[in-house]
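Report on one structure; see the data block that follows.
The values are calculated or read from the model by the stated rules, or taken from the named source; none is laboratory data. For clarity, every value in this text was computed on a predicted model and none was experimentally measured. Neighbour counts run over all protein chains shown; Cβ positions are idealised from the backbone, glycine included.
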Amino acid sequence: GIVNSPGSYATVVEYLRMGSLKSGLTRLRKQGADVSRRLRCAIALQAARGMEYLHGQYVVHFDLKVCVCM
């Protein structure tokens with residue numbers, strides 16, 4: 001989220017207790033789950049749609065990392 005008060009602009013980030021998406025997918029794969037190419041592509045598409053939405057709201061996200069080539 002953002003703070004948008006006159007003269008005060010800030011961003012709010014969310015801490016992910018279970019780690020990044022990449023570490024989560026790696027953990028699932030090690031547990032024997034099927035992390036298919038189709039699933040990774042679906043995740044990348046959802047991230048892209050989220051970024052498109054933010055861009056439409058005049059929000060710039062400077063720290064996007066998506067690794068679907070695992």
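Considering the conditions (1) within 24 Å of Val59 (Cβ to Cβ); (2) modelled with pLDDT of 80 or more, Val3 is excluded by exactly one of them, (2). Looking only at residues in segment 17-48 that are under 15 Å from the mean Cα position of the chain (by Cα) and exposed (fewer than 10 other Cβ atoms within 10 Å of the Cβ), the one that is nearest to Asn4 (Cα to Cα) is Arg17.
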